[in-house]
Amino acid sequence: MSKFPLLFDIGSPKPTTRQIAAVVKQGGTAALTEAERRADHAQYQEVVCRSALNAVKGMPFKWTLNPYRGCTHGCHYCFARRYHVQFEMNADDEFASVILVKKNFVEVLVKELDRPSWTREQVAFGTATDPYQPIEGHYRLSRRTIEALTRARTPVGLITKGPMIVRDKDVLASLSRVAKCTVCMSVPTVDEDAWRILEPGTAHPLQRLRAVRELADAGIHAGVLMAPIVPGFSSSRSKLERTIKSIADHGARFVGCNVMYLEDGTRTHFMKFIEHEFPAMTPRFERLYAKKYAPESYRNEVRAMVRVLQDRYAVAARPSGNDDGPAPDVESETGPEQVGFSW
Ligand code: SF4
């Protein structure tokens, strides 16, 4: 007999994320005996959620939507890695290989949007994990979410690294006709080495930029977030220039950027990765990231460089602090001023 009771039998409800966390706490992810292992070697555990709209404070939007938890794109800098710890899973391999799928997400969302108290406030879609990671091709939760938001005339800002979003340009165009809709494609850099090293599960950056062109051609307000720029990998002037030129060439309506920040499990994972793969860079990262954010002076230098390049290639800056969609990671705390970094 199994050491851990089955969470559900055939015909009975799926477990909640809380139940999943309890099972993993006892027996690790091996105890998720009903998770489906697919060809990409990731395990997919269906769960039920009690709410879809998640209220947030201190951001330019009031609500977030995330139908999946965990992300097979597996970016080493991903700030959402640390959230996997909430489910008793680690921020390393398990973040990218054990994905929770909120099977009833759209049904719950429709009920929430139907409430008379819903005032159609700005919703940010895809803030914790990518709504167009590969499994979306199977579940289509993101497509059905956009359809629900359209019926409720609710403004949305969506962020993704998944070119699969072009599949849904018809529903995004419909949403754009009844409410404000902004798509932010995340392309931190077009440098192939940095892409391969830092974002091992994502589509090629140019494929993502081609998706931006297709969305923009369909009348959707689509632009690019260079999020995040990673010191030492994608921060040199020449790499920034190649990236912004390419973004402009692909017809992006806007571009924004932020510099990587490191916190909790994300910090632990990223520093382990650097120590293992690029040990010579470790002391510089330790100095630059003595705190959660790189020093203000460093971030200002990167932003100033990006502004110059935006002007040079005539691509609009993405306004910050407005209601235009998911913001780059909020940089409210500043680290100690440090000078002399040449990354
Ligand atoms: S695509 Fe986004 S959510 Fe997924 S791992 Fe990369 S940064 Fe994180």
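Under the criterion of Cα pairs below 8 Å and six or more residues apart, the relative contact order for the chain equals 16 percent. Per the Debye calculation on region 98-238 with a single equal scatterer at every Cα and no solvent contribution, log₁₀ I(q)/I(0) for q = 0.16 Å⁻¹ amounts to -0.85. Please work out, to two decimal places, the log10 of the ratio I(q)/I(0) at q = 0.12, 0.23, 0.24 Å⁻¹ from a Debye calculation in which every Cα of region 187-270 carries one identical scatterer. Here the Debye-derived log intensity ratios amount to -0.36, -1.11, -1.17. Counting only aspartates and glutamates at least 8 places from Lys239 when in the same chain, those with an alpha carbon closer than 19 Å to its own are Asp191, Glu192, Asp193, Glu199, Asp249, Glu301, Asp311. The chain: percent of C-alpha pairs farther apart than 29 Å? Roughly 39 percent, rounded to a whole number.
Under the rule of -39500 (n - 2.57) per DSSP H run of 4 or more residues, summed and divided by the residues of the chain, what mean residue ellipticity at 222 nm is obtained, to the nearest 500 deg cm²/dmol?
Calculated mean residue ellipticity at 222 nm is -10500 deg cm²/dmol.
Residues whose amide H comes within less than 5 Å of that of Gln43, counting only those at least five positions distant or on another chain, are Val98, Ile99 (H built at 1.01 Å from N in the peptide plane). Placing Asp170, Asp193, Asp92 in order of accessible area, with the largest value first and a 1.4 Å probe, yields Asp193, Asp170, Asp92. Computed about the Cα centre, the dipole magnitude for region 106-152 is approximately 140 debye when only Lys and Arg (+1) and Asp and Glu (-1) carry charge, each at its Cβ. Name the residues whose placed amide hydrogens come within less than 5 Å of the amide hydrogen of Gly256, ignoring near sequence neighbours (fewer than 5 apart) on the same chain. Long-range HN contacts for Gly256: Val224, Leu225, Met226, Arg318. Computed from the alpha carbon atoms alone, the convex hull of region 224-317 holds 98 Å³ per residue.
Per residue, the accessible area of region 106-238 comes to 36 Å² when a 1.4 Å probe rolls over the protein heavy atoms. Within a straight-line Cα-Cα reach of under 25 Å, Lys57 can be paired with the following lysines, leaving aside sequence neighbours fewer than 8 residues apart in one chain: Lys102, Lys111, Lys161, Lys180, Lys291, Lys292. Working value for region 101-171: equivalent-ellipsoid semi-axes of 21, 13, 11 Å, each the square root of 5 times a Cα gyration tensor eigenvalue, largest first. The Cys residues in the chain with no partner Cys Cβ within less than 4.7 Å of their Cβ are Cys49, Cys71, Cys181, Cys184, Cys257.
The values are calculated or read from the model by the stated rules, or taken from the named source; none is laboratory data. Quick caveat, the model's predicted, so the values are computed rather than measured. When we count neighbours, we look across all protein chains shown, and the Cβ atoms used for this are built from the backbone with ideal geometry, even at glycine. Ligands, DNA and RNA are stripped out before the accessible areas are found, and what is left, the full protein with its side chains, is counted by its heavy atoms. Shrake-Rupley method; radii C 1.70, N 1.55, O 1.52, S 1.80 Å.
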